[in-house]
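The values are calculated or read from the model by the stated rules, or taken from the named source; none is laboratory data. All values derive from a computational prediction rather than experimental measurement. For neighbour counting, all protein chains shown are included, and Cβ atoms are generated from backbone atoms with ideal geometry for every residue, glycine included.
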Amino acid sequence: MAGALSGVRVIEIGEMVSAPYAARLMAGMGAEVIKIERPDTGDPARTRGPFPGSTPHPEKSGLFLFLNVNKLGVTLDLECAEGFALLEKLVQQCDVLIHNLPPPTMDRLGLDFERLERVNPALVMTTIGPYGLSGPKRNWRAEDLALWAAGGPCALNGDYRHPELPPLKAYGQQAGYQGGVHAAVATMGALMARMRDGKGQYVEVSVQEVLAGILEMTFGFWTYAGLVANRLGQKPVQPLEVMECRDGWIYVCCIEEHQWQSFVTLMGEPQWAKESIFSDRLQRAVNWDALRPLLQEWVGKQSVLDLYRQAQERRIPFAPVSSLGDLVNSEHLRARGFFAEIDHPVAGRWNYPGAPFCPQRTPWQIRSAAPILGQHNRDIFSGRLGLSISELGRLKEAGIV
Amino acid sequence: MSEQAEANARYPLEGIRVLDFCWVWAGPYCTMQLAHMGADVIRIESRKHPCVTRYLPPWADMVPGPNRAFFFNQYNLGKRSLTLDLKAPAAREIVYRLAARSDVVTCNFAHGVIERLGFSYDRLREIKPDLIMISLSGYGDSGTYRDYVAYGPAQVPLSGFSMLTGYREFPPMHTAISYPDPSAGIHGAFAVLAALYHRGRTGEGQYIELSQWDSSMQLLGDALLGYAMNGSQPERDGNRDPHMAPHGLFRCKDPAESALGMPIDRWVAIVGRNDTDWAGIARVLGRPELAADPRFATVAARKRNEDELERLIGEWTAGLEADEVVERLQSAGIAAAVCADNKFLAEDPHLNARGYFCETPHPEIGVRKHAGIPWLMSRTPCAINRPAPLLGEHTEEILTQLLGMTAQEIAQLKEQGVFE
């Protein structure tokens, strides 16, 4: 089955998460992605793991393997003129270039749109910058944690009962993922515009701005009501909490009034539930310190899966606190065919997380494992760009590919 | 669009119409992206059961009202609103006629709801053969739990985030925001755009099924693959990182202001990626000898002595303003940033200099800051040309403009309660 983006050629100069994730999304929809890595060490995601048996190996990093399925891999030193000239030749043949090199590195390499547009006026070039390409923080050093803090999500998470503990990041490289998927959306917008008139353009994405836009209602507490929102404040609605059952953790979640009423019924109509301090969701939030132990006492006697099922039978949106094992072994996810077994010549055969969404006519699919460092050098540099084997040998000797 | 109109189009999605049945957050976040790119997004709303986000605080100046809620006004920027009582046959007829003039239909109801309303993809495709339709639901259209109810906050623990997120030796934590909602929404926007691209080349529409659970698990891809490899669940470890130290948040001087008695503290994120970074941090701390100190000289040593490492840095930051800590570290090439709360963000000189915030005037609450568009396009700019709609604001406008209804027809329908 042809993909929605089959025939679209993408060059990815990606490190770690953001640009690689954007290109992963496009590759799964059928785009051909050529991933350019530096010749010596490749994408730093190769050093991140997790590794089988926890033994580091550049071809076995879980983060790299996950992000780079379906891609062709070449190595190229963009710091030297000859390497950059080869990039320009590749750009002539492609539709999209997406990268997340930091702005100071772009400046040093001369990786700018005006230059590449000259070799290919139909090019869509997307830069994912931590703070964008203008403004006083343009050249700031950024790491995922720093961006998660600078964009606003980090300040919101924590434990109000332990104000001495810092604001808490979410697991993993979430700034990178959000930057990547938003960049993929913006890139598709530019491809849609190009469909009208054949002209490319430059797309710039700021990861800080992406994160500042996903803060739920909290940003507005300041701009609508003059209130600071941080991890030490009350939730507007309760119960919305992770609570401990006798055999694990469950998320107790009542947003609509009928959900709370059904939960009270499920608990056997305890006397305290009639107290006026628990009369609506706002009251339950204000009086959460009183309500929490009462709920915990009952929840603590239940088992996770029974409570999950009983709540859901009453249309109460509880959910278990899933471990990775729960997810990998989930009957629901298996029935949906979410995980896909992928064989990699060095890393071996593992179950990968699969499609993020299911377009019925043009499915998102994994067709091949992540590339070994430089795996497609010959296919691309000789096959596509017409370099002779001896020229390729010379470039390899010189450390350019 | 005519060829002439196409040639004059300014926005990437100019001429694309979206019939939007979405509500709460995931779906509206999806369709807001399309509106940002110039699509005409028509939100179908109900006066009897308006979107819950119209009734959640904060409201402008804390005066409740369906048009005053930030949550709604933020994530529906640039859309139009049409109110319909979808149980009324005349309302259904209006939807069918609008579908005929739309490119995309979106919804994020629980499994089966849109079909029961009479708007299954098969039905709508009879009216508009190249229609693209996306359904974003918590669990998807298939699988054991497809009929379960899902709310954004509960998708955080369900999708695996909570078990991985938290302080060391503390219980699983949430992510504070309903993180899977915007994640599903933005993945949905990508899927719709790819489907539009496919339609542009082939003339074929399609139905897209999106399970919020599936899209959320993408963001944990490395951990899931790690479990497949080793069968192990990483322990919750606060803000630390297995490969870098320091990697954490450090408390600075509390800011002077305090809003309504709310405790406000200020923290700075600091990351030392390698030994060179660490030497730079040691110099900024005024303790250059720490670079070669055997307790901290290598990443392995810093990981072993991370409590002590964090104590030393925390001692230094405690006496300084957060901005100054960041300034000094950034000058030394170290990744550092203030952990921004909403006020700090709204006042951030960088974001303001970039013109990030959207301050399109709103007829009921005036000019307020909202998060804007996080990308810039050089040739076909994106823009927010209208604020979030008042409830039902565009009902008559849409029926007149798109369906050619007369004022008399509209008045009759109104009398029948079709716009409730």
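So here's what we get for this one:
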item: Filtered residue count, region B:268-291, keeping only those that are touching a strand residue (DSSP E or B) at 6+ places or on another chain (Cβ under 8 Å), outside any helix (DSSP H, G or I) and either charged (D, E, K, R) or outside the structural domain of residue B:317 (by TED's automatic domain parsing) (or both); result: 1
item: Identity of the residue in region A:111-148, in contact with a Cys (Cβ under 8 Å, 6 or more places away or on another chain) and of a type outside the set (A, V, I, L, M), that ends up nearest to the other protein chains (Cβ to nearest Cβ); result: A:148
item: Region A:219-235 residues that are facing chain B (nearest Cβ under 7 Å) and of a type outside the set (D, E, K, R), paired with ones that are surrounded by fewer than 23 Cβ atoms within 10 Å (Cβ to Cβ) and assigned to a helix (DSSP H, G or I) (beta carbon under 6 Å, 6 or more apart); result: A:222/B:343; A:222/B:346; A:223/B:346; A:224/B:60; A:225/B:62; A:228/B:343
item: Qualifying residue in region B:332-340 (condition: under 16 Å from residue A:151 (Cα atoms) and more than 10 Å from chain A (Cβ to nearest Cβ)); result: no
item: In region A:280-318, the residues that are within 22 Å of residue B:56 (Cβ to Cβ) and either touching a residue at least 60 places away in the same chain (Cβ under 8 Å) or touching a Leu at 6+ places or on another chain (Cβ under 8 Å) (or both); result: A:284, A:316, A:317, A:318
item: Selection status of residue A:203, β-branched (Val, Ile, Thr) and either within 7 Å of chain B (Cβ to nearest Cβ) or touching a strand residue (DSSP E or B) at 6+ places or on another chain (Cβ under 6 Å) (or both); result: yes
item: Selection count, region B:323-362, where residues are among the hydrophobic types (A, V, I, L, M, F, W, C), crowded, with 24+ Cβ neighbours inside 10 Å and either farther than 17 Å from residue A:143 by Cβ or free of Cβ contacts under 8 Å to residues at least 12 places away in the same chain (or both); result: 3
item: Pick from region A:278-294, criterion in contact with a Phe, Trp or Tyr (Cβ under 9 Å, 6 or more places away or on another chain) and surrounded by 14 or more Cβ atoms within 10 Å (Cβ to Cβ), ranking: modelled with the lowest pLDDT; result: A:281
item: Positions within region A:319-349 being outside any helix (DSSP H, G or I) and either without any contact (Cβ under 8 Å) to a residue 12 or more places away in the chain or small (Gly, Ala, Ser) (or both), in sequence order; result: A:319, A:322, A:323, A:329, A:330, A:336, A:337, A:340, A:341, A:347, A:348, A:349
item: From A:95, A:43, residue being in contact (Cβ under 8 Å) with a residue 12 or more places away in the chain, buried (at least 24 other Cβ atoms within 10 Å of the Cβ) and in the same structural domain as residue A:383 (by TED's automatic domain parsing); result: A:43
item: Residue list for region A:263-292, restricted to those being aromatic (Phe, Trp, Tyr) and more than 18 Å from residue A:241 (Cα to Cα); result: A:272
item: Condition check for residue B:275: loosely packed, with under 15 Cβ neighbours inside 10 Å and either within 14 Å of chain A (Cβ to nearest Cβ) or not aliphatic (A, V, I, L, M) (or both); result: no
item: Pick from region A:302-343, criterion at the interface with another protein chain (Cβ under 7 Å from one of its Cβ atoms) and aromatic (Phe, Trp, Tyr), ranking: surrounded by the most Cβ atoms within 10 Å (Cβ to Cβ); result: A:318
item: In region A:177-199, the residues that are under 18 Å from residue A:23 (Cα atoms), more than 7 Å from chain B (Cβ to nearest Cβ) and either of a type outside the set (Gly, Ala, Ser) or over 23 Å from the mean Cα position of the chain (by Cα) (or both); result: A:178, A:187
item: Helices (runs of 4 or more DSSP H) wholly inside region A:97-161 containing at least 3 residues that are more than 28 Å from residue B:329 (Cβ to Cβ) and more than 17 Å from the chain's Cα centre (by Cα); result: A:113-119
item: All positions within region B:212-221 that are part of a helix (DSSP H, G or I) and either more than 11 Å from residue B:138 (Cα to Cα) or under 16 Å from the mean Cα position of the chain (by Cα) (or both); result: B:212, B:213, B:215, B:216, B:217, B:218, B:221
item: Tabulated pairs, region B:65-87, first closer than 11 Å to residue B:390 by Cα, second acidic (Asp, Glu) and outside any loop (DSSP other than H, G, I, E, B), C-beta under 6 angstrom, 6+ apart or interchain; result: B:81/B:45; B:83/B:45
item: Hits in region B:158-211 - residues which are more than 7 Å from every other protein chain (Cβ to nearest Cβ), within 30 Å of residue A:163 (Cα to Cα) and in a helix (DSSP H, G or I); result: B:180, B:181, B:183
item: Residue satisfying condition, being of a type outside the set (Asp, Glu) and touching a helix residue (DSSP H, G or I) at 6+ places or on another chain (Cβ under 8 Å), within set B:26, B:88; result: B:26
item: Test: residue in region B:381-403 that is within 30 Å of residue A:117 (Cβ to Cβ) and assigned to a strand (DSSP E or B); result: no
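One line per residue, one yes/no per condition, for (1) at pLDDT 95 or above; (2) of a type in the set (A, V, I, L, M, F, W, C); (3) assigned by TED's automatic domain parsing to the domain that holds residue A:296:
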{"site": "A:233", "(1), (2), (3)": "no, no, no"}
{"site": "A:246", "(1), (2), (3)": "yes, no, yes"}
{"site": "A:249", "(1), (2), (3)": "yes, yes, yes"}
{"site": "A:267", "(1), (2), (3)": "yes, yes, yes"}
{"site": "A:271", "(1), (2), (3)": "yes, no, yes"}
